[in-house]
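In what follows, a structure is listed as structure tokens, so that the remarks can point back to it.
The values are calculated or read from the model by the stated rules, or taken from the named source; none is laboratory data. Being a predicted model, the structure only gives us computed values, none of them experimental. Glycine gets a Cβ as well: all are built from the backbone with ideal geometry, and neighbour counts include every protein chain shown. The protein model used for the area step is the full one, side chains on, heavy atoms only, and it has no ligands, DNA or RNA in it. Shrake-Rupley method; radii C 1.70, N 1.55, O 1.52, S 1.80 Å.
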Amino acid sequence: MIVTLLGTGTSSGVPLIGCACDVCRSIDFRDKRLRTSVHLDIDGKSFVVDTGPDFRQQMLRTGIQRLDAVLFTHEHKDHTAGLDEVRAYNFLQGQDVPVYAHQRVLNQLQTEYAYIFAEKKYPGIPRLQLNEIRNEPFEIEGVLFTPIDVLHHRLPVFGYRIHNFTYLTDLNYISDEELEKVYGTQILVLDALQIEPHISHFTLEQALALVERIRPEQTFFVHMSHKIGLHREIEKRLPPSIRLGYDGLKIEM
């Protein structure tokens, strides 16, 4: 498995429009963060989790030429706003692209992208195959995905475990029952928004506390805002097994 962090920023991205803080003015490429998304290359199969507003740029930058399925964590715009760009893979592959999400998320997609699902379709629009998933394991192309039900304030969000890799973004609560699914993970990608408390995301301190419970071999933090601080400064405070993620980082397992 090869995991590529397509984006590691929060909903506004980094730099933030109009901001002149040290992070937003940084010339360190690791401080430039597109909206959070991840690509999984598993035995030659290509999967993307979330298609945010930077999806097109992320696909071009990474050079991903095939897409076997899209999975969604939840329905917020910073995770769904690039869905229209999936049509490029319709043209390349000559087939519909399967989409996997909770029914609530599928309903929202059908509302926001009504033209895609209209009875009379405009030529050239995305061709999608919608698949409802619940909080139980499911397979795509022979690959087993295990959803992990977490809370983003009061909104349910799916994380995913695939083999020994776990992806948890947009959360500030996970139950002990759901945490059982995460134990034994080798690589963990986890939400860590900023230093100060937030209503719907883990702070850096809260994320570190959860990592201490899970004890994976390696952890990478994502969904970071400019308030997290400079990449080079924050990493000095972290143990070797915990790093800040950055856009384009590849993790081979």
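Brief remarks follow.
- Which numbered condition Leu128 fails, given (1) among the hydrophobic types (A, V, I, L, M, F, W, C); (2) under 19 Å from the mean Cα position of the chain (by Cα); (3) farther than 21 Å from His201 by Cβ: (2)
- From the list Thr169, Thr203, the one residue that fits, being out of contact with any Phe, Trp or Tyr (no Cβ under 6 Å at 6 or more places or on another chain), among the hydroxyl-bearing types (Ser, Thr, Tyr) and closer than 29 Å to Leu67 by Cβ, is Thr169.
- Tabulated pairs, the range 203-222, first closer than 17 Å to Arg33 by Cβ and outside any strand (DSSP E or B), second β-branched (Val, Ile, Thr) and at pLDDT 95 or above, C-beta under 7 angstrom, 6+ apart or interchain: Leu204/Ile195; Leu204/Ile228
- Residue list for the range 147-203, restricted to those being hydroxyl-bearing (Ser, Thr, Tyr) and out of contact with any His (no Cβ under 7 Å at 6 or more places or on another chain): Tyr160, Thr166, Tyr167, Tyr173, Ser175, Tyr183, Thr185, Thr203
- Enumeration of residues in the range 128-163 that are in a loop (DSSP other than H, G, I, E, B) and open to solvent by less than 60 Å² (accessible area, probe 1.4 Å): Ile133
- Taken over the range 183-208, the criterion of being more than 15 Å from the chain's Cα centre (by Cα), of a type in the set (Val, Ile, Thr) and surrounded by fewer than 21 Cβ atoms within 10 Å (Cβ to Cβ) is satisfied by Ile195, Ile199, Thr203.
- The residues of the range 96-127 that are open to solvent by 80 Å² or more (accessible area, probe 1.4 Å) and modelled with pLDDT of 95 or more, listed by number, are Thr111, Tyr115, Arg127.
- Taken together, the residues in the range 169-210 that are farther than 22 Å from Leu6 by Cβ and not aliphatic (A, V, I, L, M) amount to 16.
- Taking the range 1-94 and the helices (runs of 4 or more DSSP H) fully enclosed by it, the elements with 2 or more residues that are at pLDDT 95 or above and buried (at least 21 other Cβ atoms within 10 Å of the Cβ) are at 55-62, 77-80.
- Within the range 117-135, residues that are charged (D, E, K, R) sit with their Cβ atoms under 6 Å from residues that are at pLDDT 95 or above, at 6+ positions apart or across chains, in these pairs: Arg127/Asn90; Arg127/Asp96; Glu132/Gln103.
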